[in-house]
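The values are calculated or read from the model by the stated rules, or taken from the named source; none is laboratory data. Computed from a predicted model, the values in this text were never measured in an experiment. Quick reminder, even Gly has a Cβ in these numbers, built from the backbone with ideal geometry, and neighbours come from all protein chains shown. Just so you know, the surface numbers come from the protein's heavy atoms only, side chains and all, with ligands and any DNA or RNA stripped out. Shrake-Rupley method; radii C 1.70, N 1.55, O 1.52, S 1.80 Å.
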Amino acid sequence: MQVTKGVVKALVGNHAVAYAVKQAKPQVLAVYPITPQTTMLEKLSEYVDRGELKARMIRVESEHSALASIYGAAVAGARVFTATASQGLLYMTEMLYWAGGQRVPIVAAVATRALASPWSILDDHQDFMSKRDAIWIQMMAENVQEAYDLTIQAFRISEHENVVLPVMMGFDGFILTHTMERVEVLHDSVVDSFIPPRKFNLVDFTDPVGVGPVAPPEDYIRIRFEAKKAMERSKRVIKEIFREYEDISGRPQHGLVECFMCRDADYVVVSMGAWSGDARVAVKRLRERGAKVGLLKVRVFRPFPFEEVRDYLRDCKGVLVMDRAYSFGSGGILVNEVKVSLYGHDVPVHSLVGGLGGMDVRPLHIQTALENLMEGKLEEERWLL
Amino acid sequence: MIEISLKGRGGQGVVTAGEIMAKAAIVEGKYAQSIPFFGGERRGAPVSCEVRISDQPISLHRRVYNPDVVTVFDATLMDLLNPLTGIKEGGILLINTDNPRRYWNRTYYVDATGIARSLGLNIAGWAVVNTAMVGALSSVTKLVDIGTAEDVVKEEFPGKLGELNVEAMYLGFKEVRALD
């Protein structure tokens, strides 16, 4: 595959995602405004208004209706997109499960934000992580470039014939949605050949069927079993699509996880989202002092990359998992998945919970926790208050 | 890597100033971030924005704690916010005022409000001082070339508004002074 140099732009996260969506050419959009996603909706409306994106923008009165309307359009054969955040994602939740259960190809961007109460418009991952059982593929970006890249990839993954699942692309509210960074965008023609028009239909209009009717137990469980298999199959497809994207963009896309200095590391920090960049800085500083530390960044959270996480971490002396979302009465959501991955392996796994409701986390916090871990002085769960 | 903290009031164009700086740096082939901060923003309330400029890719997403440059769009914020908190030793303060005081050993000042008013750059009674401040920043820090900033401003504000803003930027560039 030919690598064509992209075009460098300065874009805030919301506009980078809107740009990727424009290039992916969805035919139907329905987005309800909510902070910190709203400026993406504004940009998409501008594209539609100027005729740069030939799509129908359905004006809806809620997030529930936003997903309900594009769900219908996607079943009818259209490529569709929506975006939301926080309370909006909660309000959309009933329809999320409908779309996941029916395996409708949809792409949704989630500008992650804390959930009420108390009220906050700032970033954490509680909204995104609380949707882990909705039968959606979930990916999360570290920076504006990755938010752009994952959005383009999401359309391909969602519509792949061996997958056919909705895909959610998470990126940190404000920290990425409103931050301007250097982004290299692909040429339209490159995106056109990467995401050709959707080939298949879920319904045959000459032979109408009902979608999502009542299912007797033996059908219900079989349909759910098929969804589980589709989710498992998607791992291979996602990796193939990442590799193909790497070829056309010239940018490394790693896999379901990204290993940064972690191959020979004795101690590894595991993270997801924008603060992975700050963890990277902490790891580099400790490496300069001779500590064998590394970073494992989770790019795809559903399906969870158990094999990769286990392979990278099984021989570690200690693992530190950063969580920006919490399952109350249980623990950090990511740390629990990492513990499951390491079942049967004798690796101590510690939890660092922070960044909730927009609380700033610095490389120094991560560095200190890693140092404490190496000295055997880190508690099993530490909250950065 | 250079970190800049921009402090002003809603309506003065603080976030746009940060974006012009970041965009100009990116156009020049560098890496940059412009990070706005949101609370209960409205005209007159304190607003802040942070900018990073580097020759290398930037992986940080934390806030700026030790700025190399502090830019204050409204001198009344000096007592209200203590914008110099954490400024690096040898760092630069650039302030919009026609009556400078020695807030810091490296203080630069420019009457950006006077420049904006002279060109009629007002919105709802507020002098939009951002482009004059960007001009002054470019002059004092040399982080971005004034010509690149001009291209970015023309792209952001097409037509007559762009011309006025470019004029404000060059006036800021020329009129900024170091406090002896």
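What the table shows:
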read-out	value
Spherically averaged projected area in nm², based on the convex hull that wraps the Cα atoms of the stretch A:171-214	6.9 nm²
Inter-centroid distance (Cα atoms) of the stretch B:155-178 relative to the stretch A:290-320, Å	50 Å
Residues with amide H under 5 Å from that of A:GLY294, placed H, sequence gap 5 or more	A:TYR267, A:VAL268, A:VAL269
Chains A and B together, accessible area buried on both sides, 1.4 angstrom probe, square angstrom	1800 Å²
Whole-Hz couplings from phi, Karplus 6.51/-1.76/1.60, listed for the stretch A:195-205; x for Gly and Pro	10, x, x, 4, 8, 10, 10, 7, 10, 9, 6
Partnerless cysteines, meaning none of the other Cys C-beta atoms lie under 4.7 Å away, in the protein assembly as shown	A:CYS316, B:CYS49
In Hz, Karplus ³J(HN,Hα) per residue of the stretch B:138-146 (6.51, -1.76, 1.60; θ = phi - 60°; x = Gly, Pro)	4, 5, 6, 9, 6, 6, 10, 6, 4
Label-point gap, in nm, between B:ALA124 and A:VAL211 - each point 7 angstrom along Cα→Cβ	4.3 nm
Those residues of the stretch A:173-222 for which accessible area with every protein chain present is at least 40 Å² below the isolated value (1.4 Å probe)	A:HIS178, A:THR179, A:MET180, A:GLU181, A:ARG182
Among A:SER276, A:SER120, A:SER330: highest mean-square fluctuation, GNM of chain A, C-alpha pairs under 10 Å	A:SER330
Solvent-accessible area per residue, Å², over the stretch A:257-383 with all protein chains present [probe radius 1.4 Å]	39 Å²
About the Cα centre, charge dipole magnitude for chain B (Lys/Arg +1, Asp/Glu -1 at Cβ), debye	420 debye
Amide hydrogen neighbours beyond the local backbone of B:VAL70, cut-off 5 Å, H modeled	B:SER5, B:ILE92, B:LEU93, B:LEU94
Largest-first ellipsoid semi-axes for the stretch B:1-131, taking √(5λ) over the Cα gyration tensor eigenvalues, angstrom	23, 18, 14
Pairwise centroid distance, computed over Cα atoms, of the stretch A:233-288 with the stretch B:1-74, Å	28 Å
Mean Cα-pair separation over length for chain A, i.e. relative contact order, pairs under 8 Å, 6 or more apart, %	17 percent
Simple spin-label estimate for A:LYS5 and B:LYS160 in nanometres, 7 Å along Cα-Cβ	4.0 nm
Expected-Rg normalisation [2.2 N^0.38 Å, Cα atoms] applied to the protein assembly as shown	1.01
Estimated FRET transfer efficiency when R0 is 51 angstrom, pair A:TRP119-A:GLU232 (beta carbons, to 0.05)	0.85
The protein assembly as shown: antiparallel DSSP beta bridges as a percent of all, rounded to 5	40 percent
Relative contact order for chain B, counting Cα pairs under 8 Å that sit 6 or more residues apart, in percent	23 percent
Whole-Å distance, taken between Cα centres, linking the stretch A:55-124 and the stretch B:77-125	44 Å
